[in-house]
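Engineer: Okay, here's the structure, questions in a sec.
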Amino acid sequence: MDRAEKKEAVAALNEIFTKSSVVVVAHYSGLTVAQLQNLRKQMRAAGASVQVAKNRLAKIALDGTDAASIVPLLKGPTLIAYSDDPVAAPKVASAFAKDFDKFVILGGAMGKTALNPDGVKALATLPSLDELRAKIVGLIQAPATKIAQLSTAPAAKLARVFGAYANRDAA
């Protein structure tokens, strides 16, 4: 890799670290190429990305960004998973780590907050942004349906009472 390619790689990594809301760092030694491709496919499906970068270049790119707290984690064969959704990358990484013991989550960063492996796993248990939106819409719609039920309930009760009196008188 010559100097110009290194500058481009550092610029690309810097852009990733500044624009991503969450970054997860993990060791991947011992995984096969097929397993890594499977991880990339799962990340892509969730709206996240995975990148293997030289640690030295990643450290240079992290300088001055919010995710600078992950610099001590960049030792050995590491990969970086990132996403705009704060839950997507940790969720896929945690699920992948459960399936493959050789994939070890070292930690990460969410904005300026440094995350240890337990913090990444805690993020993975949170519902995604779309799930939270669906819950909010459900909560907003619930009172409207209850009001509609209450407004039609008295009329239905009156109809049943009148029907009962009519049946009693007929008998």
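We did not get these values from a lab; they are worked out from the coordinates using the rules stated. What you are looking at is a predicted structure, and each value in this text was computed from that prediction instead of being measured. With ideal geometry, Cβ positions are generated from the backbone for all residues, glycine too; neighbour counts draw on all protein chains shown.
Engineer: For the chain, what is the mean residue ellipticity at 222 nm derived from helices alone (per DSSP H run of n ≥ 4: -39500 (n - 2.57); sum divided by total residues; nearest 500 deg cm²/dmol)?
Structural biologist: Helices in the chain give a 222 nm mean residue ellipticity of -20000 deg cm²/dmol.
Engineer: Here are some pairs, 7/54; 112/135; 19/135; 41/135; 7/75; 54/98; which of them have Cα atoms lying more than 24 Å apart in this structure?
Structural biologist: Result: 112/135; 19/135; 41/135; 54/98 exceed 24 Å.
Engineer: While we're looking at this one, here's another question. What list of ³J(HN,Hα) values in whole Hz, one per residue of region 126-137 in order, does the Karplus curve 6.51 cos²θ - 1.76 cosθ + 1.60 (θ = phi - 60°) give from phi, with Gly and Pro shown as x?
Structural biologist: 6, x, 6, 4, 5, 5, 5, 4, 5, 5, 5, 4
Engineer: Using alpha carbons only, how many degrees (0 to 90, rounded to 10) separate the axis of helix 33-46 from the longest principal axis of the chain?
Structural biologist: Tilt of helix 33-46: around 40 degrees.
Engineer: Next question. Residues in region 112-133 near a label at residue 68, defined as backbone nitrogen under 18 Å from the 7 Å Cα→Cβ point?
Structural biologist: Those under the cut-off are 112-115.
Engineer: Give me 23, 104, 161 sorted ascending by neighbouring Cβ count inside 10 Å, so fewest comes first.
Structural biologist: Going from least to most buried by this count: 161, 104, 23.
Engineer: Shifting gears a bit: Taking the Cα centre of region 5-65 as origin and charging only Cβ (+1 Lys, Arg; -1 Asp, Glu), how large is the dipole, in debye to the nearest 20?
Structural biologist: 100
Engineer: I want to make sure I understand the PRE zone here: with the label point 7 angstrom from the Cα of residue 134 toward its beta carbon, which residues in region 72-109 have backbone N atoms less than 20 Å away?
Structural biologist: 84-93, 95
Engineer: Pull up all non-local amide H partners of residue 21: gap of 5 or more, or a different chain, and H-to-H distance under 5 Å with H placed in the peptide plane.
Structural biologist: Amide H neighbours of residue 21, under 5 Å, 5+ apart: 83, 84.
Engineer: Right, something else. If you take all C-alpha pairs in region 3-126, what percent of them are over 24 Å apart?
Structural biologist: Roughly 18 percent, rounded to a whole number.
Engineer: Run the dipole for the chain about the Cα centre, Lys and Arg Cβ at +1, Asp and Glu Cβ at -1, nothing else charged, and hand back the magnitude in debye, nearest 20.
Structural biologist: Approximately 220 debye in magnitude.
Engineer: Sticking with this structure for a sec: Equivalent-ellipsoid semi-axes (√(5λ), Cα gyration tensor) for region 27-89, whole Å, largest first?
Structural biologist: Semi-axes (√(5λ), whole Å): 21, 16, 8.
Engineer: Treat each spin label as a single point 7 Å out from the Cα along the C-beta direction, and report the residue 142 to residue 169 distance in nm.
Structural biologist: Between residue 142 and residue 169, the label points sit 4.3 nm apart.
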